[in-house]
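Encoded as structure tokens, the structure appears first; notes follow it.
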Amino acid sequence: MPGAELHFTLKDLEEWAKQGLITPEQLTRIRQRLETAESLHEQTQAAPEPRKRLNLISIAYYFGGFMILLAYTIFMGLEWESLGLTGQLAVSFFTIVVLWAIGYFLQRKDFRVAGGLLIFVGTGIVPLFVYTVQRALGIWPDASHYAYRDFYQIIAQTWIPLEIVSITVAAIVIWRVRFPLISLLISFWTWFLSMDLVHWITRSDYWTWSETEQIVGILIGAGMLILGIFLQRKTNQDYSLWLYLFGHLIVFVHFSALALEKEGLLGIVYFVVYLSFVAASVWLQRRVFLVFGSLGCYAYVSYLAFRVFEGALGFAFALAGVGLIIVLSAVGYQKYMRPRLERYFGRYRIS
């Protein structure tokens with residue numbers, strides 16, 4: 001049919017050769033041509049994408065941006081109360097507006113990294129502004145107990161509204177400017193929010209790090225990982241890096257404490273979960289899953305070595321033997337099995 005796409009397989013070619021439509025020599029040459037084309041295609045697909053080089057301009061952008069953020073979040077917070085409410089409102093508000101305006105202007109002029117960093121820094125000052133507004137309106141619940149400098153030191157339910165507002169603003173900003181580094185702020189404040197929420201839910205007067213706190217922490221961390229996976233699958237830019245990092249940190253700390261304390265079946269679940277993280281690193285192509293998956297597996301195996309098999313010298317040799325077998329099995333798969341599987345599943349696919 002004129003204009004129609006025709007699809008055929010190697011079996012079709014072999015059948016045509018049997019019927020005499022093509023000669024065996026032609027069939028051989030076609031095979032060789034297809035193998036050569038596939039080899040070139042695989043080499044092209046395997047070629048790594050060029051990495052962006054680090055240069056002095058990029059270093060200056062990031063160094064200057066984080067210096068501003070550090071000045072306003074840490075050092076400014078130490079002396080913030082001495083400015084008075086009027087000065088605090090003016091400084092925090094106009095700093096955010098100026099940084100956002102300059103950043104937006106630079107992005108419009110195609111200085112996307114420099115502009116994005118200034119918008120990132122302005123967004124990072126939002127908690128300071130929210131804290132100041134709460135105090136100015138007289139709705140700060142613990143004015144006599146908590147100053148802004150305590151935000152990075154003390155876990156308390158007092159910070160929850162501040163964190164929710166800051167996360168909401170950061171989410172709006174990242175949606176508008178599409179600058180992935182802002183996800184660092186969202187991840188960081190979500191981590192703080194998880195601890196403050198646990199403190200509020202348990203209604204404890206101090207941080208006990210009990211079973212309830214550990215379970216809530218695991219759920220918060222798992223939620224960050226799920227959100228990171230969703231963003232990785234749905235977006236072209238990397239918004240997932242910091243969600244993955246903070247999510248894994250939260251899950252690892254809380255799940256390790258809970259599983260190794262409860263032992264038994266929960267310990268096995270812990271090992272299976274972290275083994276699945278190692279497998280997920282292949283699916284997602286993210287090293288952070290491999291790193292934390294390996295840390296979790298090593299933590300559980302180390303627990304077995306020092307707690308369950310304490311004093312059993314044979315366990316050390318058995319463990320080393322299993323590790324050696326795993327490494328050699330991976331080498332054997334890479335050298336012998338993977339090429340055969342690739343040839344079997346991919347070589348004879350023409351259409």
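Only the coordinates and a few stated rules stand behind these numbers; no lab work does. It should be emphasised that the depicted structure is a prediction, and the values quoted were computed from it without experimental measurement. Cβ atoms come from the backbone with ideal geometry, glycine included; neighbour counts cover every protein chain shown.
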Could you check the spin-label model distance between residue 278 and residue 29? Points 7 Å from the Cα along Cα→Cβ, value in nm. 5.1
On full extension of the chain, what length is gained from residue 291 through residue 331, given 0.36 nm per residue of separation minus the C-alpha to C-alpha distance? 12.4 nm
Please identify the trypsin sites (Lys or Arg not before Pro) of the stretch 124-179 that satisfy two criteria: DSSP loop assignment and at most 16 other Cβ atoms within 10 Å. Which are they? 178
Return the distance in nm (one decimal) between the two label points of a simple spin-label model at residue 83 and residue 201, each offset 7 Å from Cα along Cα→Cβ. 3.5
For residue 335, give me every one of the lysines with a C-alpha distance below 29 angstrom, ignoring sequence neighbours fewer than eight places off in its own chain. 11
Could you tell me which residue out of 159, 115, 172 lies farthest along the dipole of the stretch 57-181 toward its positive end? Charges go on the beta carbon: Lys and Arg +1, Asp and Glu -1, centred on the Cα centre. 115
Given points 7 Å out from each Cα along the Cα-Cβ axis, report the residue 19 to residue 238 separation in nanometres with one decimal. 5.3
Candidate lysines for bridging to residue 234, where Cα separation is under 24 Å - those fewer than 8 sequence places away on the same chain excluded: 52
Size of electric dipole in the stretch 57-181: Cβ of Lys, Arg +1 and of Asp, Glu -1, about Cα centre, debye, nearest 20: 540
For the stretch 127-176 and the stretch 218-282, what is the separation of their Cα centres, given in Å? 27
